[in-house]
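Please treat every number below as a calculation from the coordinates, not as lab data. Everything numeric in this text was worked out from a predicted model, so none of it was measured. Here the Cβ is made from the backbone with ideal geometry for all residues, glycine too, and neighbour counts use every protein chain on show.
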Amino acid sequence: MHRTQRKGGKIYVEGVSLEALADRHGTPLYVYSAGTILDHYRRLRGVLRVLDPLVCYSVKANSNLAILNLLARAGSGFDVVSGGELERVRKAGGKAAKCVFAGVGKTEDEIEAGLRAGVKAFHVESEEELQTIAAVAARKKGRWAPVALRVNPDVAAGGHAKITTGTYANKFGIPFEEVAAIYRRAAGNRYLRLRGIQMHIGSQITQVAPFRAAVRKMVPLVARLRDRYGLDYFDIGGGVGIVYQDALASGRDGWWRTAKAQRFLTLHEYAASLVSLLRDLRMQILLEPGRFLVGNAGVLVTEVLYRKQTGRKHFTVVDAGMNDLIRPTLYEAFHQIEPIGKPRPGAISTDVVGPVCESGDVFGHDRMLSPVERGDRLAVLSAGAYGFAMASNYNTRPRPAEILVTGTRARLVRPRERVADLWRGEKKS
Ligand SMILES: Cc1ncc(COP(=O)(O)O)c(C=O)c1O
């Protein structure tokens, strides 16, 4: 269920109008729906309940402490990719024992921090990393490190080249054909414990076929390694796609209807295609959704600063920029853009652009928008994942405030940065 809706002409996130939030906190502003996050978490676990999976939320998608805390209280584990993310999870009340520590370039300090905290396992992406983990564990007398190999199954998942991860053209994981030999060598190392096996084939995957192809390819290998080394779990990664087009729901279950209308995988199809393959493994199943849990839960609210017309185009200049939400610039990603107030009659074609000094600072090309005026506010929808988490201070722009809405309650979960915050630690001379 998607709780961002137009009611009486205005956009609401749960019971709170975006206009009221923009008046109170200014713009640009990130607003998240706690209900949507929990709903997506529960629905995902629900369709896979025969497997009783451990959902390890992929922290990189949105690492605000309030969101991590919300998910920790719901029982979620976490997929972290740095020592910083591990610290964030623990600060937010998450348990290290439910954290898997991934990432293609862990430093020795990070490995040591993961060992000290007691993570569920390190997800290992090369044999050299495996040896380094063993060496770090050996330095801690009597310690061993829990590990699982990240397998690259060489399955193309479609989508943008910058978010596919599961083919041999990508830096991630260990090639499928080399995995068994590395487990064999690792099994003899007393500083390592072989806990599981993992894969992740990409992000924003909207069809079932690549998931099924990858799991189907993996299952015989996983079963063999389980029998030989007593592996406990199989982690099938994240990557479930969300709706970016027509993301504004018209009613309670609008989002799910939209997914169906756009011929996206539904959760039921995802579950139906995977459960039969996974159930017979009799292993714990882990999932690492990021975007699916938080993407449709967030909006970026921005104010119209200026309108201008060149000989060829109409531009709407807004106060949010690529430093606040880089997905359109980085991946040519589409985000629906809607006025948060009652739309004016008619429509114009316009490029919605930010104030950053880069031609690529564009939220949408040739968008048909209802006519806007200076001071109007727009919502950039489906911005909860890889939005604030990828924000920067480029052009010395303070990052936006973040609000978490639960019903009619709106909580400021990160204040807007101040300009003076941005040079903290710098030296004039
Ligand atoms: C190993 C791993 N797991 C999970 C994710 C989360 O992906 P998504 O947000 O598409 O679910 C990623 C994202 O790139 C990843 O690299």
> Separation between the Arg42 and Ser349 pseudo-spin-labels, each 7 Å from Cα along Cα→Cβ, expressed in nm?
Replying inline: 4.5
>> Under 20 Å from a point placed 7 Å out from the Cα of Asn170 along the Cα-to-Cβ direction: which residues of the stretch 78-95 have their backbone N that close?
In response: 78-82
> Considering amide H positions built from the backbone, and no H for Pro or chain starts, which residues 5 or more places from Ile403, or on another chain, come under 5 Å of its amide H?
Replying inline: Tyr30, Val31, Tyr32, Val413
> So how far, in whole Å, is the C-alpha centre of the stretch 361-424 from the one of the stretch 268-322?
Replying inline: 15
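Let me know the volume per residue of the alpha-carbon convex hull for the chain, in Å³. Write out the running numbers ahead of the final one.
Numbers: hull volume 66.2 nm³, N = 429.
Expressed per residue, the convex hull around the Cα atoms of the chain is 154 Å³.
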> In sequence order, what are the phi-derived ³J(HN,Hα) couplings for the stretch 223-238 according to the Karplus relation 6.51 cos²θ - 1.76 cosθ + 1.60 with θ = phi - 60°, rounded to whole Hz, with x for glycine and proline?
Replying inline: 5, 5, 5, 4, 5, 6, 10, x, 4, 8, 9, 10, 9, 9, x, x
> Angle between the Cα long axis of helix 108-117 and the longest principal axis of the chain, 0 to 90 degrees, nearest 10?
Replying inline: 80
>> Between Ala223 and Asp246, what is the label-point separation in nm under the 7 Å Cα-to-beta-carbon projection?
In response: 4.1
> Separation of the stretch 52-68 and the stretch 98-158 by C-alpha centroid, Å?
Replying inline: 19
> So how far apart, in nm, are the two label points at Asp421 and Thr266 if each is 7 Å from Cα heading toward Cβ?
Replying inline: 4.2
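By how many nm would the segment from Arg409 to Glu127 lengthen if fully extended, with 0.36 nm per residue of separation less the alpha-carbon distance? Numbers along the way, then the final one.
Numbers: separation 282, 0.36 × 282 = 101.52 nm, distance 4.91 nm.
Answer, rounded to one decimal: 96.6 nm.
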>> If I take R0 = 51 Å and measure r between the Cβ atoms of Phe334 and Arg116 in this structure, what FRET efficiency does the formula 1/(1 + (r/R0)^6) give, to the nearest 0.05?
In response: 0.75
> Full extension from Lys95 to Ser359: what is 0.36 nm times the residue separation minus their Cα-Cα distance, to one decimal in nm?
Replying inline: 90.7 nm
> Over the C-alpha atoms of the stretch 296-417, what are the Rg and the largest Cα-to-Cα span, Dmax, in Å?
Replying inline: 14.2, 46
> For the chain, what proportion of DSSP beta bridges, expressed in % and rounded to the nearest 5, is antiparallel?
Replying inline: 45
>> Quick query: amide H of Gly237 versus all other amide H atoms, modeled in the peptide plane; which residues come in under 5 Å with a sequence gap of 5 or more or a different chain?
In response: Met199, Glu288
>> At most 11 other C-beta atoms within 10 Å and a DSSP loop state: those are the exposed GluC sites (Glu not before Pro) I care about. Give me the longest piece of the chain that has none.
In response: 1-372
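Which percent, nearest 5, of DSSP beta bridges in the stretch 222-353 are antiparallel?
Given both bridge residues lie in the stretch 222-353, the antiparallel proportion sits at roughly 45 percent.
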>> Full-extension gain between Ala74 and Tyr306, please, as 0.36 nm times their residue separation minus the C-alpha to C-alpha distance.
In response: 79.2 nm
